[in-house]
Amino acid sequence: MNPFNVGLLADGRPRFVPSTAEAVIELLKFHGIALRGARAAVVGRSTVVGRPTAYLLLSEDATVTIAHSETKDLRGVTKAASIVVVGVGRAGFLRGDMVSSGATIIDAGINVTPKGVVGDVDVESVSSVAAALSPVPGGLGAVTTELLLRNVLIAAERQQKD
């Protein structure tokens, strides 16, 4: 993600989008999750996942709140959302008491623990509340890889034309 592409994305004219952020949108669309008018909370403000995901959700006409470590009443923000995307790099960060019944949760976190790779969602507590939860591993990873490879191919083709 370079500043030029960030600017184009923020302006609603994406050229190259971070693959994980794009994978979030593709996964939601694939599963028929309505984005237009949906309340979405993006927990994390990184330039690779959080901010680009928020821009993409906005371009799909979702109402987006970006939350982070300094957000007051984070639980209130996430409970008000029907879609929650979390990518903060803290294992088990999002708990079941932080989401509303029937919400769709996209876990974009990757954490290496003694028990293996886990996401940012406390799967046990969130699974009993959410309607859908992307797993880690096995959720966004394959879609992210496919989109990354597509972007590499597009960039190579564009370079050949120049």
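Scanning segment 95-122 for residues that are β-branched (Val, Ile, Thr) and within 24 Å of Ala34 (Cβ to Cβ), we see that the one that is farthest from the chain's Cα centre (by Cα) is Val99. Here Val99, Val6 are screened, and the one residue that is hydrophobic (A, V, I, L, M, F, W, C) and modelled with pLDDT under 95 is Val6. Restricting attention to segment 84-96 and to residues that are touching a helix residue (DSSP H, G or I) at 6+ places or on another chain (Cβ under 7 Å) and not small (Gly, Ala, Ser), the residue that is nearest to Val48 (Cα to Cα) turns out to be Val85.
For segment 24-75, what are the residues that are of a type in the set (Ser, Thr, Tyr) and in a strand (DSSP E or B)?
The first filter runs over segment 24-75 and keeps only residues of a type in the set (Ser, Thr, Tyr), leaving 46-47, 53, 55, 59, 63, 65, 69, 71.
Listed by number, the residues that qualify are Thr63, Thr65.
If the condition is being of a type in the set (A, V, I, L, M, F, W, C) and either in contact (Cβ under 8 Å) with a residue 12 or more places away in the chain or closer than 18 Å to Thr144 by Cα (or both), then segment 1-22 contributes Met1, Val6, Leu9, Ala10, Phe16, Val17, Ala21. With respect to the stated conditions, Gly44 is touching a Gly at 6+ places or on another chain (Cβ under 8 Å) and at positive phi. If the condition is being within 17 Å of Ala103 (Cα to Cα) and either within 12 Å of the chain's Cα centre (by Cα) or not in a loop (DSSP other than H, G, I, E, B) (or both), then segment 129-148 contributes Ala132, Leu133, Ser134, Gly139.
Before we move on, is Gly141 out of contact with any strand residue (DSSP E or B) (no Cβ under 7 Å at 6 or more places or on another chain) and not charged (D, E, K, R)? Lay out the reasoning, then the answer.
Values: out of contact with any strand residue (DSSP E or B) (no Cβ under 7 Å at 6 or more places or on another chain): yes; not charged (D, E, K, R): yes.
So Gly141 fits the description; yes.
For segment 8-21, the set of residues classified as over 14 Å from Ser134 (Cβ atoms) and either assigned to a helix (DSSP H, G or I) or of a type in the set (S, T, N, Q) (or both) consists of Leu8, Leu9, Ala10, Ser19, listed by residue number.
The values are calculated or read from the model by the stated rules, or taken from the named source; none is laboratory data. Bear in mind the structure is a predicted one, so any value in this text is a computation, not a measurement. Here Cβ is always computed from backbone atoms with ideal geometry, including for glycine, and neighbour counts include all displayed protein chains.
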